[in-house]
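Here, each number is a calculation from the coordinates, and none is a lab measurement. The shown structure was predicted, so the numbers you read here are calculated from the model rather than taken from an experiment. With ideal geometry, Cβ positions are generated from the backbone for all residues, glycine too; neighbour counts draw on all protein chains shown.
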2 protein chains.
Amino acid sequence: MIHKHLSQVPGTVIEKSGFRGMTARFALTADDGCPRYAMRVMEFEPGGYTSLHSHPEEHEFYFLEGKAAVVGADGSEVEATSGSMIYVAPGEVHQLKNIGCGTMRVVCTIPILPGGDGKTTGHGYE
Amino acid sequence: MIHKHLSQVPGTVIEKSGFRGMTARFALTADDGCPRYAMRVMEFEPGGYTSLHSHPEEHEFYFLEGKAAVVGADGSEVEATSGSMIYVAPGEVHQLKNIGCGTMRVVCTIPILPGGDGKTTGHGYE
């Protein structure tokens, strides 16, 4: 059994093109021996966002705090708040935005595909 | 994209032997097209618990609310509160108990193994 508290998991500021004001906390990943999927917590500053992007991995999100918009391929937006759960299918285009006044925090799970580690995306094309 | 709010996901009272005061909300499962793992939210009344049990599926927990004890095979207990994340390996014996005064709520993820649906456990022995 592995136990970590969010407050002890270091944050990594994501500096990918098209991302702004997002910090990732890689809580349970391949580094911890997780065999199939990873649990991360993503934090967005007010005004923070990801790019509109896709990858072969699906997401299952649980929104903890704040007010988010999740944008789809056609530009439609779904609003998410504490208690919202969103499934994004493999290859589905998506974007997360913090549209609230405070920090937006979300549990972001992702499969660990062959060649992946649960931290980065874009694996599984083998 | 699928969006559900916890308040809209019906609860199922778990009446398995050795379980008490536990309600499962099966939020994102094989029924929703999730291909690899499922997201459920488990709620425990004060004094509620699971049995000390194991199954071939691992768990990755994110604790939302309340005060929990997670018991291991040797009887040792790990305390978990909001922001705690716990990994239980495939086949590892574990028990969850609500040791607080209010509802204990936890995001409970689990792989969907062959023959499984993300709701029940004990699959994968194929």
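General observations
- Residue ID - farthest from the other protein chains (Cβ to nearest Cβ), chosen from residues in segment A:74-103 that are among the aliphatic types (A, V, I, L, M) and part of a loop (DSSP other than H, G, I, E, B): A:99
- Tally of residues being among the aliphatic types (A, V, I, L, M), more than 14 Å from chain A (Cβ to nearest Cβ), over 10 Å from the mean Cα position of the chain (by Cα) and not in a loop (DSSP other than H, G, I, E, B) across segment B:10-41: 1
- Test: residue B:113 is touching a residue at least 12 places away in the same chain (Cβ under 8 Å), crowded, with 16+ Cβ neighbours inside 10 Å, assigned to a loop (DSSP other than H, G, I, E, B) and hydrophobic (A, V, I, L, M, F, W, C): yes
- Yes/no for residue A:18 being surrounded by fewer than 14 Cβ atoms within 10 Å (Cβ to Cβ), in contact (Cβ under 8 Å) with a residue 40 or more places away in the chain and more than 23 Å from residue B:86 (Cβ to Cβ): no
- Restricting attention to segment A:49-64, the residues that are more than 10 Å from every other protein chain (Cβ to nearest Cβ), part of a strand (DSSP E or B), of a type outside the set (Phe, Trp, Tyr) and buried (at least 20 other Cβ atoms within 10 Å of the Cβ) total 0.
- The one condition from (1) under 11 Å from the mean Cα position of the chain (by Cα); (2) assigned to a loop (DSSP other than H, G, I, E, B); (3) within 10 Å of chain B (Cβ to nearest Cβ) that residue A:121 does not meet is (3).
- Residue within segment B:72-91 that is surrounded by fewer than 22 Cβ atoms within 10 Å (Cβ to Cβ), more than 25 Å from residue A:111 (Cβ to Cβ), free of Cβ contacts under 8 Å to residues at least 12 places away in the same chain and of a type in the set (Gly, Ala, Ser) present: yes
- Scope segment A:104-121; condition closer than 20 Å to residue A:22 by Cα and hydrophobic (A, V, I, L, M, F, W, C); matching residues: A:104, A:106, A:107, A:108, A:110
- Comparison of B:106, B:71 shows that the only residue that is in a strand (DSSP E or B) and over 12 Å from the mean Cα position of the chain (by Cα) is B:71.
- Among the residues making up segment B:56-68, a single one is under 12 Å from the mean Cα position of the chain (by Cα) and farther than 23 Å from residue A:106 by Cβ: B:57.
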